[in-house]
Amino acid sequence: MNQFPFLTLLTLVPLVGGALVLAPGREHGKTVRFMALAIAFLVLALAAALSLFFDRTQNGMQFVERAAWAPSLGIQYHLGVDGLGLLMVLLSALVIPFALLSSSAPVANPRLYYSLFLFLEAGLFGTFTAQNFVHWFAFWELSLIPAFFLIKIWGGPRRTAAAVQFFVYTTAGSVAMLIAFVALYNATGSFEFSQIAETVRDGRLGRAALPIFLGVFLGFAVKTPLLPFHTWLPDAYAEAPTGVSMVLTGAMSKMGVYGFLRVLLPIFPEQMRALQTPLLGLAIATIVFSAAAAFSQNDLKRIVAYSSINHLGYCLLGIFVAVQWAEDSAASANEKAAALNGAMLQMFNHGITASALFYFVGLIEQRSGGSRDLHYFGGLRKAAPVFCGLMGITVFASLGLPGLSGFVGEFLIFKGAFALAPWAASVAALGLLLTAIFLLTILQRVFSGPLPENWRAWPDLTNAQRLTAGPIIALIFILGIYPRLLTDLVNPTALAILWPNL
Amino acid sequence: MIAWTIYISLAGAAGLLFVPAAKPCLARRTALLVALAGLVFAIVGVTMIPAGQLTDIVNAPWVPQLGIRFHLAADGISLVLVLLTGIAAVAGVLFSWNIEERANEFFALYFALIGGVYGVFLSFDLFLLFVFYELAIIPKYFLIVIWGSTRREYGAMKLALYSFGGSALVLIGLIAAYVVAGAKTFDLVELARHPFSPGFQTGAFLLVFVGFAVLAGLWPFHTWAPTGHVAAPTGASMLLAGVVMKLGAYGALRVAMTLFPAGLRAWRTEIAFLAVIGIVYGALAALAQRDFKFVIGYSSVSHMGFVLLGLATLRQIGLSGAVLQMFSHGVIAGLLFAVVGRMIYDRVHLRDLERLRPFQLNKALPFAAATFLLAGAASMGLPGFSGFIAELQVLLGAWQSFPTLTILAGAGIVVGAAYTLRALDKAFYAPDTAGPAERPALPPISLPERLGALTLLTATLAVGLFPNILLNLIQPALASPLMRPVWEGGAM
C-alpha cells in the first residue's frame, strides 16, 4: 500500500527527537525542554491527523505497513492500527506532553531526561502499532530501558531498589512471554499476531497450549499488573518523579491490558474460557485488595498508585467476563461487547485521570516541600480553590461519577459483568465502594477541615498550570458527556476481537 | 583475496618485531594499519565469496606423503567469523593504545594470534587447521604473562594447560579419523565424505568436540575462562573472549560435527544439558562476583552456553543462532572487557565493585557509562542488538527437542538482566557519598577508545537491526552440501 507512512513516522519522530535533544550543550536546559515539547506536540498533531483519516466503520487494521525484515525467521516490519491501537496511540500522544509540562522546574541533566522521555514515547507507539511479535517485542523492551533510568536517576530516595525491582520483574515476565512465543512459532511457523491466532484457534497446540498460555499471561500480568504480580508497582510509581509516574500509569500500564486484548484474547480464547473462574478471581482480588491497600496508605502517591492497580483491575474484569461462553446467545453477545467496550474506554479514561491525579499530587508535593503525607494537610480548599476544584473533578472522574469520563467505562464493564458473571460483579462492586471511600478520603483530608497555620500562604494554580490541566479537565467532561467519541472508535474492534470469523 | 587476512597479519607480526622498542607510537600505528588491512580484506572477501558454497582459495600439496595440503577455503560460516576477527582485531588495537612497555613485542604476539585465528577459520585441511589453532594459543600465554595483571602467571598457566589438554584430545580424535579413513588425506571435505562407523563416530566425536569445547567454555571445563580473562591485558581479554573462545565453538561445529554427524546425535542431550548448566551457572556466578572483570568473565561462560545449546539443537535455525551468537558475543564481550579493563581499570586500578563507589564513574566517565549501558543492554539480549536475534534462534531451535532446558535457558536470561544491572549500578551509579572535591580526577576517555567503542557498537547494532547482513551468509552455508548432513534429520 502506497500511502503516507503515518505509523512509521509516529515511532520515528520521537526516536529521532530523542537523539536530537542530546545535541545542544550542557547549559541549554531551556532549549532542550522547548525542543522536547515541540516534538511531543508534533507527535500529538500526527496522532490527531491519524485519527482524522481513520475509517471508523471498518473493523480491520488500517494504515498497514509491511516490509520483509528477516524473512527466514518470520520477522516482518508490520505496523497497523485498529480502534484499540488508535485509542492507545492517542492516549500516549496526550499523556507524554502533559507529563513533560507537569514540571517546569529545571531537572538535573535535562538532555538525558528529555531524551529518555522521547525514547519511551517511541517505545509506546511501537508497542501499540506493531503486529509482528518480534517487531512488537523490540518496542516493548525499548520502553523498559528509558523507564528504568527515569526512575533510577531522577527518582526519590529509594529509587534504585524500585527501578531494579521494576526492571527485573518486567524482564522475567518478558522472557516468559518470549519463550511462549518461541513455542508458538514452532507450532505455527509465524510471528504474525493475526496468523498465530488463526492457526492456534484450530487447537493444534494440544496439551502444550496451557503452559504456553501461562507464559504469555505472565508477561502481561506483571506489566498490568494483576495480583499477585503487582508488588513492583507501588514502589516504582511512588519513587518515580511526577512526570514519569504520569507516563507509567497513563500509558505504560496500558501495555499490559493492551496485550490481553491484542494477544491473549485472540490467540487463547479456549484457555481463557477454561480458566475463566480463576482469572476472574485474580481480577476481583486485584480490585478489592488494591482498594483496601490504597485505603490504608498515608502517602498520597502510593494511594494513587494503588488506585491505578485498582482501576486496571476493572479493565481486566471486563475482559475476563467477555470470554464466558463458547456458544453465545444474542443477549450475551451484547453484554460481552459492552464489557469489552467498557474495558477499552476504561483504559483510556484511566490513562487520563490517573496521570492527572499524579500531576496534582506532584503539585502538592512541590508546594509542601516534598511531603505527601495525607495527615499533613487540611483545609486547602480555602487557600487554593481552583487547585482543589480541578483535582476534585479528577477524583470524581476517577471514582466514576456520571457525567465525567470514568463513569461510562465502569458502567459498561459492570453492565456486562452483572449479566455474564453476577458473582464476580457483585464482589467487584464491593471494590467500587472501597474505591469511592479512599478517593473521597483524599478530598476530605486534604481539602476540608481547618486550614493549618503554615499552609495559609498555599499558592493556587499558576496560569501555566491552569493551562496545562485545563485541556485534560475539559477532556474529562467531554468524554463523560459524549462517550460516543470513543465508543464509535472501539466498538468495531471489540466485535472483531470477540468474533474474529465474522 | 580473503587469505590475505592471514598473510598480512603474520607479516605484520614479523614486521612489528623490527620496530624499535623505543618507539611504541610507531608500533601502534603499524598495528592499526595491519588490523585495518585485515578488516578490509575480510570485508572484500565477504562481498566476493558466495556464502552458499565452499569456495577454494588455495589448495596446494604441502606434505604429499601424508596427504597434508595447504587448503584454504571459505563458506558463509567462515566469512562471518573472519569478519568478526577483523572487527575484533581493529577494536583490540584501539583499546591497546596505552601500552608503552615493549609495545612492538605486544603487537607482534597480538598479530601472531590474529593470524592464527584467521587461519583456523579458513583452513579446510585438518592438519593445517590444527597448526593455526596452536599458533593462536601460544601467543596468548605470553600476552598474559608479560602484560597481564592480577595473578597473571596463574591465569596464563591455567589457560595454557586447559587449551593444550583440549588440543591433545582433538589431536587424538583427528589422527584416529585419519587412520580409520585410510591415512590418505587430512582434507576436511574428503574426510567428511568417509562413512565412519556409528560406533567410531560416537567415540571420536566426544574427543574432538570436548577438546574444542573446552576453549568455548563448556561447563565444567570453563574454569580457565574467568581467571584467564581477568589476568589478561585488555586487548588480550578482548581477543580471548571475542575470538579465541570462538575457535573452540567453530572447531566443534566445523570439525567435530561435520566429520562425525552421528556422534552429536548420540550425545546431544548431554551436551545440551551441559550447555544450559553453563548458561545458568555462568549467570549466577556473575551475579555473585565482586570483581568487575570476573562478572564479565562469567557472563562469557553464560553466553557461550547459548552457542553450545544452539549446536546441540541439530536444527538449521539453532545452528544459525549458534553461529550468529559467536559473532554477537565476540563483539559484545569485547566491548564489555574494553569498558572494564581499559576505560576503568587502567584509570582507577581497581576492579572491586564495592570500591569503585567514590569514583562516581557515571559522572567522571560518562562515555564509559553510556558504553557499558549499551553493551549491557546488548548482553542482556534486548531486541535491536545482535544478541537477541542469535538467542532467539537458539531458543527456537531448542524448543522442540528440549522444552524444559529452553525454559531454564530463559531463566538464565533473566539472571543475565539482574547481574548486568547490578554491575551497572555498583560500578557507575552508586550514590554519591563523597563531595565532588574528594573525587579523584581521572584522565578523560581518549579518541582511540571512543573509536574502538563505536566500531563494536556499530557492529552489534547493525546486525541487531538488520540481521540479514549475517543471516544471508550463515543460512546458505548451512544449507550447503558440506553442512546439510550435519543437521538434516538430526533432531528426530
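Please work out the Cα center distance from segment A:269-289 to segment A:461-500, rounded to the nearest Å. After rounding, the separation between the Cα centres reads 27 Å. Based on the convex hull around the alpha carbon atoms, segment A:1-140 presents an average projected area of 8.9 nm². For the cross-link pairs A:Lys254/A:Lys301; A:Lys254/B:Lys363; A:Lys30/A:Lys301; B:Lys140/B:Lys426; A:Lys152/B:Lys426, the ones whose C-alpha atoms lie over 23 Å apart are A:Lys254/B:Lys363; A:Lys30/A:Lys301; B:Lys140/B:Lys426.
Divide the volume of the convex hull around the Cα atoms of segment A:252-373 by the residue count and you get 91 Å³ per residue. Taken about its Cα centre, segment A:1-156 carries a charge dipole of roughly 380 debye when the Cβ of each Lys and Arg holds +1 and the Cβ of each Asp and Glu holds -1. Counting charges near A:Phe117 (Lys, Arg +1; Asp, Glu -1) among other residues having Cβ under 13 Å from its Cβ returns a value of +1. Taken residue by residue and averaged, Cβ atoms of other chains lying within 10 Å of the Cβ of B:462-472 number 2. Projecting the Cα atoms of A:Gly378, A:Ile284, A:Val427 onto the charge dipole of segment A:275-502 (Cβ charges, centred on the Cα centre) puts A:Gly378 farthest toward the positive pole.
When A:Met347, B:Met238 are arranged by Cβ crowding within 10 Å, least crowded first, meaning fewest neighbours, the order is A:Met347, B:Met238. Seen from all directions on average, chain A presents a Cα convex hull projection of 21.9 nm².
Towards the positive end of the charge dipole of segment B:217-306, with charges on Cβ (+1 Lys, Arg; -1 Asp, Glu), say which of B:Ala286, B:Thr258, B:Val276 has the farthest Cα. Going by the Cα projections, it comes out as B:Thr258.
Of B:Leu314, A:Leu101, B:Leu239, the sequence from fewest to most neighbouring Cβ atoms within 10 angstrom is A:Leu101, B:Leu314, B:Leu239.
Per-residue ellipticity at 222 nm from helix content only, as computed over the protein assembly as shown with -39500 (n - 2.57) for each DSSP H run of at least four residues, stands at -23000 deg cm²/dmol. About its Cα centre, segment A:216-345 has a charge dipole of approximately 180 debye under the convention of +1 per Lys or Arg Cβ and -1 per Asp or Glu Cβ, with nothing else charged. Alpha-carbon geometry of the protein assembly as shown: the Rg and the Dmax are 30.3, 105 Å, given in that order. When Cβ neighbours within 10 Å are restricted to other protein chains, what is their mean count per residue of peptide A:179-187? The per-residue average across the peptide is 6.
Based on alpha-carbon atoms, the Kirkwood radius and the radius of gyration of segment B:344-442 give Rg/Rh equal to 1.14.
Geometric descriptor of chain B, per residue, is 118 Å³ (volume of the convex hull of the Cα atoms). For segment A:275-502, the Kirkwood hydrodynamic radius comes to 18.3 Å, computed from all pairs of different C-alpha atoms.
Among B:Leu454, B:Leu247, a tally of other beta-carbon atoms within 10 Å of each Cβ gives an order, fewest to most, of B:Leu454, B:Leu247. Taking the alpha-carbon centroid of each part, what is the distance from segment B:250-282 to segment A:227-260 in angstrom? So the two Cα centres are separated by 43 Å. From the P(r) of segment B:81-193, can you give the percent of Cα pairs sitting at distances over 24 Å? Value for segment B:81-193 (Cα pairs over 24 Å): 36 percent. Between the residues B:Leu314, B:Phe337, B:Pro383, the greatest Cα displacement towards the positive end of the dipole of segment B:4-487, with unit charges on the Cβ of Lys, Arg, Asp and Glu, is found for B:Phe337. Each part gets one Cα centre, and for segment A:115-154 versus segment B:61-128 those centres are 41 Å apart.
Taking the Cα centre of chain A as origin, sum charge times position over the Cβ atoms of Lys and Arg (+1) and Asp and Glu (-1), and report the length of that vector in debye to the nearest 20.
Dipole magnitude for chain A comes out near 940 debye.
Per the Debye formula on identical point scatterers at the alpha carbon atoms of segment B:184-341, with no solvent, log10 I(q)/I(0) at q = 0.20 Å⁻¹ is -1.15.
Membrane-span-like helices in chain A, defined purely by DSSP H runs whose alpha carbon atoms cover 27 Å or more axially and whose average Kyte-Doolittle hydropathy reaches -1.0, are A:29-53, A:83-102, A:110-129, A:159-188, A:276-295, A:300-321, A:330-367, A:422-442.
Readers should treat all values here as calculations from the given coordinates under stated rules, not as data from a laboratory. On a predicted model such as this, the values are computed, not experimentally measured, just so you know. Neighbour counts run over all protein chains shown; Cβ positions are idealised from the backbone, glycine included.
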